[in-house]
1. Rounded to the nearest Å, what's the spacing between the alpha carbon centres of the range 232-296 and the range 654-724? Just the number, please.
2. Tell me the net charge near S323. Cut-off is 14 Å between Cβ atoms, S323 excluded, with +1 for each Lys or Arg and -1 for each Asp or Glu.
3. So which of K177/K211; K223/K244; K177/K435; K214/K435; K88/K122; K200/K223 end up more than 20 Å apart, counting from Cα to Cα?
4. I want to check the label-to-label distance for A703 and E322. Put each point 7 Å from Cα in the C-beta direction and report it in nm to one decimal.
5. Could I have the simple spin-label model distance between D621 and E516, label points 7 Å from Cα toward Cβ, reported in nm to one decimal?
6. Can you work out ³J(HN,Hα) from phi for every residue in the range 113-124, in order, using Karplus 6.51 cos²θ - 1.76 cosθ + 1.60 and θ = phi - 60°, giving whole Hz and x for Gly and Pro?
7. In debye, nearest 20: dipole of the range 371-522 around its Cα centre with unit charges on the Cβ of K, R (+) and D, E (-)?
8. Hey, any idea what the orientation-averaged projected area of the convex hull of the range 386-526's Cα atoms comes to, in nm²?
Amino acid sequence: MTKSSKKRRLPRRKRRPAAPSQVDSQASTGQLIANALQLQKAGDLESAKTLYCQILHREPLNPDAWHLLGMTLHGADQHREAIECLQKADAIVPNHPEVLANLGVVYRSMGNPDQARCVLEKSIAADPNSAAARINLGTVLLESSLLDAAEAQFQRALEIDPHAANAAMNLGNVWQKQGRLRDAEGIYRQLLERNAGNAKLLTNLGESLRKQGKRSEAVAVLKQALSADPQSIETALNLARALKHSSRHGEAEELLRQVVRQYPELAKAYHYLGITLLDLGDLDAAREEVTRSVELDPSDVYAISSLGTIYLEMGRNDAALESFRKVIDKDPMMSEAHGSILYIMSADPTTDQAELFEEHRRWGQIHGNLEPRFEHRNVKQVNRPLRIGYVSPDFRNHAVAKFIRPVLQSHDPQRVEVFAYAEVPVPDEMTVELKSLVPHWRNTDGLSNLQVAQQIVADEIDILVDLAGHTSRNRLLVFAHRPAPVQMTWLGYPNTTGLSTIDYRLTCQTQNPIGEPSYHVEELLRIPGGSFCFSAPSDAPDVQSAPVARNGHITFGSLHRPFKISESVRDLWSAVLTAVPDSRMLIFHTGFNAKAISDLRQSLIERGIASDRFEIRNEYDGDSYLETYHEIDIALDVSPWAGGTTTLEALWMGVPVAAYFGNSRSSRSTAAIVKNAGHADWVADSDQQYVRVATDLAGDTDALEQIRRGLRDDVRQSVVDADRFTRELEQTFQLAWNRWCES
């Protein structure tokens, strides 16, 4: 329960003794303290405070009165005054364990964990068998993320008092944070046998189930918890999150709107509502809600980071960059926010490559120096079968899955034994398919980086391969622990990771020609026939004739994400449209919101392109967005973050792609694809040449029809040849392994 939500609970009214008007001169001090304590327990804190003060007026050095007055003030949220009273009690009777324990409780309430820990440790030294003090110390340690130390305190408290339910519940909370989700689930269930219907236990159980991917069960348990305690904000927010992870976004939105109506100042509720709307694709509403969250709590770096993600999806890269920089200004150790800055810089054509490399290396220096780093006992034998581990958040309906699936289908089990470490909180049908292709599947959602690294060591992985780089939910910091003797990065990100513990980056000669500055901390390993293969979409519609025949004009097109359409890309597209006067352009992506469409429309008009010559869409008719290619004659590339999946899908649909060979690996993926498909003449290395490639393609409509009929076979014989590519990949793995064996 958050502190803010606790304040919104009203104390129950209890029958209480009459308030004291004056001290009974005949009553003993002990009787007066008993009376005051009765008032305190009844919730009449003001009367209890008055009586304690009257007792102290009579007996200024009474330690019990100072102690209990301090706890009365604590109950009234007068924490500083409470500290003064408890310190006076401690001065009169030094090192009394109960006084010290309560002093620790008050320090914790004030947000001073170091002082709380200090006095609680003194209390335990004075009375090692106090279960209550150990529970309080364990709670402070848990809130400070000192999980091993917290676990030890809760375990010892249970040894002292096996029926201490609070110790057992908090032990489950420690295990949940450690990623020991089944253990946490077990202890919550045991406690619920004795405390059926306990809302807090049900909430904790629901969270442990959600993190294990038991989504429907988590929703059911959290609904039960909310029924038991309808006013619990924590439970409502956890239920909303479970609904969201169950793809029940409408229910999550409805619940969160109820919460913000009831608690209009609760920042976290607006944050959760915003990211739910982001999943629903309502970017403008998502931005509005998360902005409100940040206004209410400017210190919440997670909400600021979510705002950056929303801006990135909107194509507002400058605003996204500003948000992520705010995050690391507030918390320099937020590695994912720093990684998002690298991601945006990689898509900015004005970024100097040397500067970009240094920023990546700085990321590695700040975030990558983690302990422990593991020693390896793998058998040093060349040319033996290898254990390969792939680490990715994208074993789901994601572009990366279209590249890794054919590899998993084609691996030779005599040469490699495959493990997958899947950071996938919401599995989908693609997850199920990929899991069926992998002998050893590990779900890493909810585990710490160290725990994932320990699992990799236990699995005796020979070569560990990152598939995400600095993209969302990556696990790069697992690699910082060096859990495998050979570590690589591949596929998901077009630049260096910046981590010195990653040995190799898999690439090809087109993307990283020999002799160029590499701008990588990793050594580059070039796969001879190209750096990836592609799983052709099984639901793709048949290729149709070039639309120029029925339209009477050339239609250029792009299906790239909005954030890739930089100012320099707009300049280039405008130059192409100017060079082919009767042409049109169709720009489509579901990520375009109204503002992004308006901004792009205005920028093209300002470049001299009449509004009737282009169309920007964010929705499609028919069964598949791939049908959009039926309306496009020639696809235009983007730079510096060139197409991958988008390029391959265009080619598969028979649409030639004008490719740009830029000055970085990220700007060369389309060039590599079309070269491998046998169309090097579609690759340009300057703006002028790019316009010429596009105009040459547009100038021969008969050739366009021929290209359209043959492109699918060109792709099938090159980039879609999974068996050939996977053998080359396995040979590359063996080369790297043999080097390690010989080192």
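1. The two parts, judged by their Cα centres, are 44 Å apart.
2. On the way: positive: R287, R316, R325, K326, K330; negative: E295, D300, E313, D318, E322, D329, D331, E336.
Residues close to S323 contribute a combined charge of -3.
3. Too far apart for the 20 Å limit: K177/K435.
4. In this crude label model, A703 to E322 measures out at 4.6 nm.
5. Result: 4.3 nm between the two label points.
6. After applying 6.51 cos²θ - 1.76 cosθ + 1.60, I find x, 5, 5, 4, 4, 4, 6, 5, 5, 5, 4, 5 Hz.
7. On the way: 15 positive and 17 negative charges, 34 e Å.
Here the size comes out at about 160 debye.
8. On the way: hull surface 32.4 nm².
Taking a quarter of the hull surface, the average projection is 8.1 nm².
Here, each number is a calculation from the coordinates, and none is a lab measurement. Remember, it's a predicted structure, so these values are computed and weren't measured experimentally. Backbone-built Cβ (ideal geometry, glycine too); neighbour counts: all protein chains shown.
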